[in-house]
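Right, one structure below, let's go through it.
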Amino acid sequence: MNILAIETSCDETSAAVLENENVLSNIISSQISHGKFGAVVPELASREHLNNITKIASESLETSGKHIKDIDIIAATSEPGLIGSLLIGMNFAKSLAFTLNKPFIPVNHIQAHLYSNFLNGQKHEFPFIGLIVSGGHTLLILVENFFKHKIIGYTVDDAAGEAFDKTAKLLGLGYPGGQMIDKFAKDGNKDFHKFPPAIVRDSEFNFSYSGIKTSVLYYLRNIDFENKKNDKLISDIAASFQEAAIKSLFKNTLKAAKKYGIKIISVSGGVSANSGLKEKFNELKNSGYSIYFPKPEYSSDNAAMIGITAFFKYKYSQITKDTNYFENDSLTHLAKPRLDYEAF
Ligand code: KG4
Ligand code: ZN
């Protein structure tokens, strides 16, 4: 089965072609125009998607070696995301599917991060504990089988990636800054300063990342960072922040794994590219855990993960050739904003 998938939920315009679980092409165009604003500007994002979508989809088909007539299903991210951006990808994909008389499959972006760890034949047993950490989401999920998910933990305020980005901004490292924090942290001392943990005291598995960001802000003011900053100081603060941010993700995930008696952990989303996070989780392999991370090209937003989720939806859930998503999946559900933990 050949799948053409489109992802436009935030600031990446991406198109991929898959043959079942295997990626034949995965083209990602990251929008750089938001850098000077320090955050994604929704209106700019929609306009860039509109400029890029046809070009990126054509490039993806060309790279894959497939012709549009070889495509069996067409998929796009349907939620959650920026509404203007989602509409560009959804309408592009729906129109194409309608014209070609092929099934259209809407895909939940968060589920797609979860299934990014199945790409290219990476085999995964069920049940497993899924940790999704990105710029918009921080979720702990008990995955019993395909599309049998239970959210057991979520952030009550900022997402982990958001805290990385905001801290990077405070340190003058640009946007998005997760990667830069990771880079500087490699040369820093993680015990230089103790930032507060990102956990919620009276809940079992929830996270809270707004305090840690504020604590960085006050700490920088206290030490007169602007006048004292140098690469060594930035590295030490980046390493200390990263240590605190990772510790909470690790702690809650391990606690969940122990509670449910599960020894398979799957980490995904943009922040899963973080080398400190990988190192910490991979240590669990010595205690008999199986740990999965996506390849870097599938950790940040990409259409390949949308494609594999559409394939699994087609294969394992109620979708058949006759499912009419043009009727069943009207765009009206997008009018209602959803929180992280409602998205499944
Ligand atoms: O999954 P993603 O591309 O978009 C969302 O769905 O939000 O995640 C983007 C996030 C950004 O916050 C970015 O700073 C963070 O992932 N990120 C990292 C690293 N690479 C990307 N955070 C920490 N370390 C990294 N190496
Ligand atoms: Zn994402």
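Given the conditions (1) out of contact with any Gly (no Cβ under 9 Å at 6 or more places or on another chain); (2) in contact (Cβ under 8 Å) with a residue 60 or more places away in the chain; (3) buried (at least 21 other Cβ atoms within 10 Å of the Cβ), which single one is not true for G269?
Going through the list (1) out of contact with any Gly (no Cβ under 9 Å at 6 or more places or on another chain); (2) in contact (Cβ under 8 Å) with a residue 60 or more places away in the chain; (3) buried (at least 21 other Cβ atoms within 10 Å of the Cβ), G269 breaks only (1).
In segment 265-283, which residues are touching an Asp or Glu at 6+ places or on another chain (Cβ under 8 Å) and not hydroxyl-bearing (S, T, Y)?
G270, A273, N274, G276 - these are the residues of segment 265-283 that are touching an Asp or Glu at 6+ places or on another chain (Cβ under 8 Å) and not hydroxyl-bearing (S, T, Y).
Quickly run through segment 227-266 and pick out the residues that are surrounded by fewer than 23 Cβ atoms within 10 Å (Cβ to Cβ), touching a helix residue (DSSP H, G or I) at 6+ places or on another chain (Cβ under 8 Å) and farther than 22 Å from E283 by Cα.
D231, L233, I234, S235
I'd like to check something: does segment 67-76 contain any residue that is within 18 Å of the chain's Cα centre (by Cα), at pLDDT 95 or above and under 23 Å from V271 (Cα atoms)?
Yes, that holds for at least one residue.
Identify all residues within segment 12-45 that are open to solvent by less than 20 Å² (accessible area, probe 1.4 Å), under 30 Å from A163 (Cα atoms) and in contact with a Ser or Thr (Cβ under 9 Å, 6 or more places away or on another chain); write none if there are none.
Across segment 12-45, the qualifying residues are T13, S14, A15, A16, Q31, A45.
With the condition being away from ligand 2 (no atom under 16 Å from the Cβ) and not β-branched (V, I, T), I'd like the strands (runs of 3 or more DSSP E) fully within segment 118-200 carrying at least 3 qualifying residues.
138-145, 148-154
Determine, yes or no, whether L139 is in contact (Cβ under 8 Å) with a residue 40 or more places away in the chain and surrounded by 24 or more Cβ atoms within 10 Å (Cβ to Cβ).
yes
I need every pair where a residue in segment 8-31 that is free of Cβ contacts under 8 Å to residues at least 12 places away in the same chain and farther than 16 Å from A57 by Cβ has its Cβ under 9 Å from the Cβ of a residue that is open to solvent by less than 30 Å² (accessible area, probe 1.4 Å) and more than 16 Å from ligand 1 (Cβ to nearest atom), sequence separation at least 6 or different chains.
Every condition considered, no pair remains.
Going through segment 183-214 one residue at a time, which ones are touching a strand residue (DSSP E or B) at 6+ places or on another chain (Cβ under 9 Å) and away from ligand 1 (no atom under 16 Å from the Cβ)?
If the condition is that a residue be touching a strand residue (DSSP E or B) at 6+ places or on another chain (Cβ under 9 Å) and away from ligand 1 (no atom under 16 Å from the Cβ), then I199, V200, S203, E204, F205, N206, S208 are the ones that fit.
Which of (1) open to solvent by 50 Å² or more (accessible area, probe 1.4 Å); (2) not assigned by TED's automatic domain parsing to the domain that holds G81 is the odd one out, the single condition F98 does not satisfy?
For F98, the exception is condition (2).
Over 26 Å from E19 (Cβ atoms) and either in contact with a helix residue (DSSP H, G or I) (Cβ under 7 Å, 6 or more places away or on another chain) or in a helix (DSSP H, G or I) (or both): which single residue out of S85, S95 fits that description?
So the residue among S85, S95 that is over 26 Å from E19 (Cβ atoms) and either in contact with a helix residue (DSSP H, G or I) (Cβ under 7 Å, 6 or more places away or on another chain) or in a helix (DSSP H, G or I) (or both) is S85.
The values are calculated or read from the model by the stated rules, or taken from the named source; none is laboratory data. Computed from a predicted model, the values in this text were never measured in an experiment. All Cβ positions, even for glycine, are placed from backbone atoms using ideal geometry, and neighbour counts span all protein chains on display. Note: areas computed on protein heavy atoms with side chains; ligands, DNA, RNA excluded. Shrake-Rupley method; radii C 1.70, N 1.55, O 1.52, S 1.80 Å.
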